[in-house]
1. Could you look through region B:87-110, keep only residues that are touching a residue at least 12 places away in the same chain (Cβ under 8 Å) and polar (S, T, N, Q), and pick out the one that is nearest to residue A:645 (Cα to Cα)?
2. Give me the pairs, please: first residue somewhere in region A:100-124 and under 12 Å from residue A:612 (Cα atoms), second residue anywhere and surrounded by fewer than 16 Cβ atoms within 10 Å (Cβ to Cβ) and modelled with pLDDT of 75 or more, beta-carbon distance under 7 Å, and either six or more positions apart or on two chains.
3. Looking only at region A:319-352, count every residue that is buried (at least 20 other Cβ atoms within 10 Å of the Cβ) and over 16 Å from residue A:553 (Cβ atoms) and tell me the total.
4. Would you pick out the residues in region B:6-32 that are more than 10 Å from ligand 1 (Cβ to nearest atom), assigned to a strand (DSSP E or B) and over 13 Å from residue B:209 (Cβ atoms)?
5. If residue B:15 passes every condition in (1) within 14 Å of chain A (Cβ to nearest Cβ); (2) polar (S, T, N, Q); (3) surrounded by fewer than 21 Cβ atoms within 10 Å (Cβ to Cβ) but one, which one does it miss?
6. Give the residue, chosen from A:234, A:245, that is farther than 27 Å from residue A:687 by Cα and surrounded by fewer than 18 Cβ atoms within 10 Å (Cβ to Cβ).
7. For residues that are within 11 Å of chain A (Cβ to nearest Cβ) and among the charged types (D, E, K, R), scanning just region B:36-89, find the one that is nearest to ligand 1 (Cβ to nearest atom).
8. Got a sec? Which of A:598, A:632, A:622, A:604 is part of a helix (DSSP H, G or I) and surrounded by fewer than 20 Cβ atoms within 10 Å (Cβ to Cβ)?
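The values are calculated or read from the model by the stated rules, or taken from the named source; none is laboratory data. Note that the structure is predicted; figures quoted are calculated from it, not measured. Counting neighbours? That spans all protein chains shown, and the Cβs are built from the backbone with ideal geometry, glycine included.
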Amino acid sequence: MPAARLARVHATELMVLGGTTAILSSAGVLAWALHRSGGDLLVTFPLALLGLVGVTLASLDLAWARHHDLLVARLRGVHGVTALRVVAAPAWAAVLLGTIVGPAAASGFLGAAPARWPTPDRWGVGEGVAAAAVGLICAGVATGTTLTLFRLPIAATFVSGRTARQPLTPAAVARVAGIGLVVLAAITLYRATQPSAASSAVVLAGAGVGGLTVGQLAVWGLRGLSRTSAGRRTTAGLLGVRRATSTEHAPRLRLAVAAAIVGTAAWSGAAAADAWGHESEALRVGAAISLYLPETSALQTWQLTQELDPEGRWLMAAAVKDDRDESELRVAYLDVERYERVAGPVLDATTGSLAGVVEDLRDAPGVEVFTGARLTASAHHRPARGGGERARTPSLRLSVEYLDGSGVVQKVELRLRPDEPDQPDALSGEIALPQCEVGCVLLGLTATGRSRASGRLTLDTLVVDDTDVSGDGWVSPDGPADEPPSRTLALDRRSVPAAARTDQPVLTAGDPSWTDGPARVVGIGGGDRPITRLGSRAALPLVLGAGLVGDLPVALAGSRGSVSGVRSVVLARGDTPPDLLTALVDRGADEPVRIDPGSSRALGPSAAADLHLRTLVAVGSGLLALAALLGGARGRRGAARRDAASLRVIGIVAGVRRRARLVEALLLGTTVLAATSVGGWLTMAAVTHRVRLVPTGPARLPEPDAVDATSAVVAAALAAVVWMAVLLVAGRERRVAALLTARVTARRTPNREPR
Amino acid sequence: MIEIRDVDYRTAERTLVSDIDLVVRPGELTAISGTSGSGKTTLLSVVGGLVRPSTGSVLLDGEATWRGSGDPLPAMSFILQVYGLVPILSARENVSIALRARGVAARTADDDAEEMLDRLRIGDLSSRQVEELSGGQLQRVACARALAVKAPVLLADEPTSELDHTSRDLVMGLLRERAEAGATVVVATHDDEVVDQCDVHHRMDEGRLVSVSTPG
Ligand SMILES: Nc1ncnc2c1ncn2[C@@H]1O[C@H](COP(=O)(O)OP(=O)(O)O)[C@@H](O)[C@H]1O
Ligand SMILES: [Mg+2]
């Protein structure tokens with residue numbers, strides 16, 4: 001047959017074979033590029049497996065469509081190289097075209113793709129070799145299948161009166177292949193239960209085997225169904241069931257189910273890794289923008305945000321200590337009062353969201369910052385009942401510790417004396433307070449002096465300029481957790497503001513373990529503080545998978561200056577005015593870090609490349625299945641006309657014929673739906689969930705769960721609907737012209753569509 | 001009774017059948033013979049109402065067999081030259097659906113089909129897919145399908161072309177049975193021995209009827 005005519009007559013089959021090759025060669029090129037960026041080629045194994053099946057099917061379709069030509073060639077006695085050329089040249093041409101179109105499409109895609117695709121800028125020899133290898137394999141498969149058909153006994157391809165296409169693979173071969181698949185699937189399943197499964201190539205490639213096995217089981221199941229109770233069916237039911245279960249559909253059913261399962265597994269793996277990467281990035285940055293302030297104390301940072309953004313519209317201070325891996329030693333303190341406005345837009349969608357716990361986190365006294373130049377104190381002395389010793393005048397020296405505006409711990413000492421000689425029990429004193437123009441925090445005080453035996457000294461006021469800073473009272477820095485605050489001064493012992501010793505409410509992530517003593521948190525100043533655990537989360541802002549999160553002002557109350565390892569950070573909304581950011585940089589902040597809109601920064605190069613490989617597998621298997629299903633449409637159109645013609649002659653009316661098509665499509669669609677959703681879920685739950693999708697580590701987010709029943713059902717529904725559409729549209733009863741009926745019923749042209 | 005009045009059948013290029021004027025009576029076996037390509041199949045298609053005559057008309061008991069769509073009248077049954085079996089069905093099912101299409105209950109249809117296949121000596125093949133049958137076996141399934149429905153009209157196009165003598169006589173016997181039951185039976189054939197077993201014989205040549213005789 002001349003080439004032009006051949007191309008016209010077999011356009012569909014040639015296009016499907018070329019298209020399948022193009023899908024695979026473009027996938028090969030992209031896969032190699034991603035491999036160079038650190039991806040694992042084994043991830044694409046399921047697609048390669050589907051590709052082999054798809055190419056075999058496409059070349060069988062072409063070979064079958066040409067079987068009259070092949071027969072003629074045989075009858076003419078061609079052999080040797082000529083035979084090979086005659087037999088395989090059209091397939092080769094289609095494959096060659098596909099091998100050229102595929103990489104071109106791939107390069108076009110990369111040109112238009114978002115820059116986030118982690119592929120090398122320039123293509124190397126490797127990509128070319130990959131495309132050529134795919135092309136060669138496809139050509140080999142196509143040649144092999146065509147030759148198989150060519151060498152079948154003539155009787156098998158051309159028996160008078162045969163009206164249906166024969167399955168090409170001998171039944172025994174098909175059965176052995178089916179059983180082999182089941183055995184392979186069993187091995188994969190076993191391997192997936194082993195502890196080393198995450199690094200196993202068998203498991204990584206498992207979706208392909210799983211998909212094809214489920215496809216094979218669906219074929220067997222449908223065949224079994226057809227054996228039972230044919231007698232009681234209606235005419236349409238009988239026809240529909242027999243058509244649905246005919247060998248004609250088996251390879252497409254197998255491929256469609258396998259592709260949907262491979263696609264689902266790959267897609268949900270990619271989606272899980274992507275979500276993990278996004279969430280890690282969001283939690284790591286903490287908001288749309290973060291600015292670290294390496295030289296600034298936590299208190300100063302907090303004050304800076306209060307100063308630059310008094311209404312809390314853009315900025316939020318935080319301090320984080322994440323230089324250790326142990327949960328109990330990792331802490332992030334955030335100014336949660338501003339959480340909702342500043343961090344909420346980024347974090348609310350993550351597991352580390354603080355929405356709903358903000359008030360609980362703040363449910364403890366926060367830091368009191370005071371400014372002023374003079375410190376005044378007053379106290380009184382109450383003698384013990386019945387005590388003597390009236391003669392001695394009490395004297396009191398108060399050493400007051402505070403954190404000054406530059407983060408330095410200062411100490412002043414003031415003497416309290418009786419205000420009036422005749423009132424020796426009322427004392428007061430005053431002293432200048434240096435470095436408190438900006439804002440100081442009271443840390444502790446120590447009283448020394450004399451009191452009369454068994455009397456008590458009570459601190460009445462502690463005033464900076466006009467503000468009383470004595471708060472709720474005082475406790476000893478290392479007293480029991482339930483020690484009530486008081487204003488009574490214990491002589492020669494340091495007391496701290498009660499706020500510094502109240503339980504700090506925290507959320508935990510990971511598995512903090514306090515081996516000695518009660519649960520506590522590392523304060524900004526280094527000391528410990530008892531905690532109330534509000535709950536635990538899979539991950540938390542800034543500390544991610546391991547650590548504690550609490551309120552910054554609460555943590556700052558009574559906390560000494562930041563110890564090393566505590567990093568100050570300002571979180572900012574994405575729409576923060578630039579001059580505000582500039583102001584922060586001017587005041588010592590590093591350059592702003594913006595959240596990465598993609599997931600690759602958190603995933604790292606190799607997991608990011610794997611993610612894209614999985615996307616490639618998902619899209620590739622979808623396209624392969626589509627090509628295969630569409631490829632069946634044409635042959636079906638011819639068969640549908642012949643069937644309609646035969647049936648109308650024996651009095652089966654159009655309504656019954658339509659119902660039969662519907663039964664057929666529904667049965668196949670339901671089988672695809674059931675097999676794919678159940679099989680897809682099982683494949684994910686039993687095998688592919690063991691695959692490592694993301695980098696792991698103690699302080700990272702927990703590994704994502706890639707078992708996604710919803711996406712299995714969606715893929716199943718998609719596959720079922722596409723196939724049913726192809727079946728119904730291609731098999732639709734066009735008005736069978738009367739002339740056509742006569743010709744179909746009169747001519748013995750079983751395999752060629754009448755024109 | 002089938003009345004064929006002044007029937008021509010033409011395609012765009014050629015006239016395939018012309019000037020056919022003929023009455024076929026029930027209760028008789030009517031043979032139409034002629035060389036290959038003489039127009040037998042075309043004539044049967046026109047008579048059966050599968051195609052519309054270009055001129056003239058075909059009436060079955062006064063009703064036109066062409067119904068406007070190409071769907072034959074329910075009274076018609078066919079043995080097609082190329083069998084027109086449904087490949088994905090078994091032999092029994094091929095016969096059975098023709099019965100079911102005429103409203104016979106599934107179980108009864110299966111039993112009747114089985115019985116007719118038995119009478120054609122292919123009862124043992126009844127569960128086989130027709131794809132797996134030989135030409136002669138296929139032809140007998142096609143005969144069984146047309147005979148089983150017991151329609152008032154039976155148009156048989158070369159029903160014995162692939163059959164050995166024994167099977168041929170078997171089929172002719174069954175056709176005779178139908179005729180005796182009052183059916184109108186037309187057999188297109190190029191086999192003289194088949195012609196000899198018929199009651200009326202029309203010969204065609206190049207699309208025209210050339211002679212009428214009463215063999216035997
Ligand atoms: N659709 C058609 N278009 C043109 N010519 C046709 C068509 N169908 C049949 N013919 C021609 O009509 C003639 C009669 O064909 P047919 O009725 O099949 O003959 P028979 O059945 O007697 O062998 C033949 O010459 C054949 O080539
Ligand atoms: Mg003929």
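1. Restricting to residues being touching a residue at least 12 places away in the same chain (Cβ under 8 Å) and polar (S, T, N, Q), the top hit is B:94.
2. A:118/A:605
3. Residues that pass the stated criteria total 8.
4. B:29
5. (1)
6. A:234
7. B:40
8. A:604
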